[in-house]
Amino acid sequence: MKKIILLALILTSLYSNQTADKSKVYVGLSGGYMNEAFSDDAKTTGSAKMAKFKIGYGIRTAYAIEFSIDYLKNTSNVFSTLPAKDGDKYGLNVELIKGFNWDIFINPYFKAGIGTGIFDIKYYSSNQNSLNYSSFNLGLGFFIPINEHLDFEVGYDYKYVSYRKLISSNQEILKDLNSNINGVYIGINARF
């Protein structure tokens, strides 16, 4: 019940007109590069190209809530047995964004949120075909407004990712890992 009340308060605060800007729905596309460092003994790392589609509601220079779908072209082989590779990652994120108007050409922001996702694996002694993960997300960046309805975005994302345990067919834990993801991206947003 507390979470519902908190979400209602956040959403209603987006409707208030605290600046000259009006709250708007926006959609955006972005692409970038991410680097992932795993918590295993070998300190395995992986890198991925990423794409993001997002939809949000809010004010560019105040508050916004954003839902995004991530696609990561996975190049790591941490959870699968060779010669198979880990599949591409698909994620869903919800983030609260706080933007600023410093009367300069750019509008900086920071954001925080949570996410979840899934990817395919092939491990010879496990019956699992995919793994789920959850994440805590932080980010910062800036918008470069082109006009009232269009802006470019440059950003940095940090994600702490906790993966579901990889279990063998006889119920032994094969892998139980976490990771840190750092990523940079550029994108474009359209506001309605």
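Brief remarks follow.
- Only one of (i) 1.08; (ii) 1.05; (iii) 0.94 was calculated from the structure for Rg/Rh (Cα atoms, Kirkwood Rh), and its label is (ii).
- Accessible area per residue for the chain, computed on protein heavy atoms with a 1.4 Å probe, is 56 Å².
- Placing R0 at 22 angstrom, the Cβ-Cβ distance between residue 170 and residue 81 gives a FRET efficiency of 0.85 after rounding to 0.05.
- FRET efficiency for residue 105 and residue 49, using Cβ-Cβ distance with R0 set to 25 Å, rounded to 0.05: 0.30
- Placing +1 on each Lys and Arg Cβ and -1 on each Asp and Glu Cβ, with no other charges, gives the chain a dipole about its Cα centre of roughly 280 debye.
- Estimated distance in nm for a label pair at residue 67 and residue 186, the labels positioned 7 Å out from Cα along Cα-to-Cβ: 3.0
- Estimated FRET transfer efficiency when R0 is 45 angstrom, pair residue 96-residue 124 (beta carbons, to 0.05): 0.60
- Between helix 2-15 and the chain: long-axis angle, C-alpha atoms, 0 to 90°, nearest 10: 40
- Across the accessible surface of the stretch 66-113, with the other protein chains kept in place and a 1.4 Å probe, carbon and sulfur atoms take up 72 percent.
The values are calculated or read from the model by the stated rules, or taken from the named source; none is laboratory data. Since the structure is predicted, the reported quantities are computational estimates derived from the model, not experimental observations. Note: ideal-geometry Cβ built from the backbone for every residue, glycine included; neighbour counts use all protein chains shown. The protein model used for the area step is the full one, side chains on, heavy atoms only, and it has no ligands, DNA or RNA in it. Shrake-Rupley method; radii C 1.70, N 1.55, O 1.52, S 1.80 Å.
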